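The values are calculated or read from the model by the stated rules, or taken from the named source; none is laboratory data. Remember, predicted model here, so these are calculated numbers, not experimental data. Glycine also receives a Cβ, built like all others from the backbone with ideal geometry; neighbour counts cover every protein chain displayed. Quick note on the areas: whole protein, heavy atoms, side chains included, nothing else; ligands and nucleic acids left out. Shrake-Rupley method; radii C 1.70, N 1.55, O 1.52, S 1.80 Å.
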Amino acid sequence: MIAVIDTQAGNLFNINKIVNGEITRDPYVIERADKIVFPGVGSFSFVMNSIEGIKETIIEKIKSGIPYLGICLGLEVLYDSSEEGPGSGLSILSGSIKKLSKNRVPHIGWDTVELIKDSRLFSGIKNGSYFYFLHSYYAERNDYTVAITDYGNIISSAMQKDNIYAVQFHPEKSGINGIQVLKNFRDLI
């Protein structure tokens, strides 16, 4: 069973339709999950406050090794903090999320994703494919970056560390390529 975390913001139903999971804020459902999808739209502080009662359960499940997919803000909350506002993230990855500074903010619309490492998340997707972005903050390129997008700042548009997968773009709004990313995650063994 895939737990789709109800962050009280985002396109939960379209994501859930593809991964065939269960939208939830129930820690007992999350504890039984085989995979977690953490979608996100909104502010870092709001979402971290909204999941306060399930934060430790999510962290424990990620550390147990089950596959986790963070989408947009779901990528950003993996870090310690964000320039967007106060509050602590999940601290699965160390560092802070930065504010875009080189181009118009927010980064909104279709942009290309350059694959720089192999990842099962992008199986069947061509390098340079377009995905839909809507964000003002980003993770800098790091050892876990598997895809980048140049929007003045080099954005980690996708990351993978062991069982942790995360994308800055919105696959649920990215047409056939986004559907493929979500199916690839759903089908991970």
Turns out the strands (runs of 3 or more DSSP E) fully within region 144-189 with at least 1 residues that are touching a Pro at 6+ places or on another chain (Cβ under 7 Å), at positive phi and of a type outside the set (D, E, K, R) are none
Against the condition over 19 Å from residue 145 (Cα atoms) and touching a strand residue (DSSP E or B) at 6+ places or on another chain (Cβ under 9 Å), how does residue 80 come out, does it pass? no
Determine whether residue 156 is over 18 Å from residue 15 (Cα atoms), open to solvent by less than 10 Å² (accessible area, probe 1.4 Å) and either free of Cβ contacts under 8 Å to residues at least 12 places away in the same chain or in contact with a helix residue (DSSP H, G or I) (Cβ under 9 Å, 6 or more places away or on another chain) (or both). yes
Residue 102 fails exactly one of (1) at pLDDT below 95; (2) out of contact with any Asp or Glu (no Cβ under 6 Å at 6 or more places or on another chain); (3) farther than 24 Å from residue 147 by Cβ, namely (3)
Test for residue 164: is it open to solvent by less than 30 Å² (accessible area, probe 1.4 Å), within 13 Å of the chain's Cα centre (by Cα) and modelled with pLDDT of 95 or more: yes
When you check residue 103 against the structure, is it surrounded by fewer than 17 Cβ atoms within 10 Å (Cβ to Cβ), more than 23 Å from residue 186 (Cβ to Cβ) and in contact with a Gly (Cβ under 6 Å, 6 or more places away or on another chain), yes or no? yes
Members of region 106-122 found to be more than 14 Å from residue 158 (Cβ to Cβ) and either surrounded by 12 or more Cβ atoms within 10 Å (Cβ to Cβ) or modelled with pLDDT under 95 (or both), listed by number: 106, 107, 108, 110
Residue within region 2-24 that is more than 26 Å from residue 132 (Cβ to Cβ) and part of a loop (DSSP other than H, G, I, E, B) present: no
Return a yes/no flag: does region 123-141 have any residue that is over 26 Å from residue 95 (Cα atoms), among the basic types (Lys, Arg), open to solvent by 60 Å² or more (accessible area, probe 1.4 Å) and without any contact (Cβ under 8 Å) to a residue 12 or more places away in the chain. yes
Within region 81-98, is even one residue aliphatic (A, V, I, L, M), assigned to a strand (DSSP E or B) and open to solvent by 60 Å² or more (accessible area, probe 1.4 Å)? no
Take residue 185 and tell me if it is in contact (Cβ under 8 Å) with a residue 12 or more places away in the chain and either within 19 Å of residue 62 (Cβ to Cβ) or of a type in the set (D, E, K, R) (or both). yes
Could you give me the residue pairs with C-beta distances under 7 Å whose first residue belongs to region 87-100 and is closer than 13 Å to residue 58 by Cβ, whose second residue is part of a loop (DSSP other than H, G, I, E, B) and hydroxyl-bearing (Ser, Thr, Tyr) wherever it lies, and which are 6+ apart or on separate chains? 89/79
